[in-house]
């Protein structure tokens, strides 16, 4: 049986500045560093052998703090990065975007819309599904962690596990999964998540 910890990064500058994020690169704030350190206290002794992280800075910084505690290496996996959902709005303050590009802001309400310069939802879901399958199939590790973003968390529950929608994904939210011999997954434990579905046994 393989154990997987799927983790979101800590609070960033983009969060508090109310910007469109996506594949916009920003750093952890002091609060985000503290959140990551608290997460490391919770998961650092769980036997994590390797951490696969999105290449975006906020995920790398979170992964490094956890890796220092778990005494393991961080491997960068490009396909774990957040969706570029916001295209030409990426990094822009949301109030400014609403004023300058109201039609694009409206289009963003449906995740299946692809605005100018953005990545389609299907392409995003496909690359996340591929990355997750490859990581959990690696024979060299029994316990792995994945540090990524809010969007990949939703793909994990909606498209990969097919369990349903998440109503809340907090900073440094995490879920512990076990992969059974038949290839199915069991929800073991979590923190910082709220679901719109009943947690499966």
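Tabulated values for the structure
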| read-out | value |
| --- | --- |
| Residue count for region 1-42, restricted to those that are part of a helix (DSSP H, G or I) and buried (at least 23 other Cβ atoms within 10 Å of the Cβ) | 4 |
| Enumerated helices (runs of 4 or more DSSP H) restricted to region 54-131, each holding at least 3 residues that are surrounded by 15 or more Cβ atoms within 10 Å (Cβ to Cβ) and over 17 Å from the mean Cα position of the chain (by Cα) | 102-107 |
| Qualifying residue in region 142-150 (condition: farther than 15 Å from residue 5 by Cα and out of contact with any helix residue (DSSP H, G or I) (no Cβ under 6 Å at 6 or more places or on another chain)) | no |
| For residue 171: the one exception among (1) at negative phi; (2) part of a strand (DSSP E or B); (3) out of contact with any helix residue (DSSP H, G or I) (no Cβ under 6 Å at 6 or more places or on another chain) | (3) |
| Residue 91 vs. criteria touching a helix residue (DSSP H, G or I) at 6+ places or on another chain (Cβ under 8 Å) and modelled with pLDDT under 95 | yes |
| Test: residue 11 is over 17 Å from residue 170 (Cα atoms), touching a strand residue (DSSP E or B) at 6+ places or on another chain (Cβ under 6 Å) and in contact (Cβ under 8 Å) with a residue 60 or more places away in the chain | no |
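The values are calculated or read from the model by the stated rules, or taken from the named source; none is laboratory data. Small disclaimer: the values here were computed from a predicted structure and weren't measured. We place every Cβ from the backbone using ideal geometry, glycine too, and count neighbours over all the protein chains shown.
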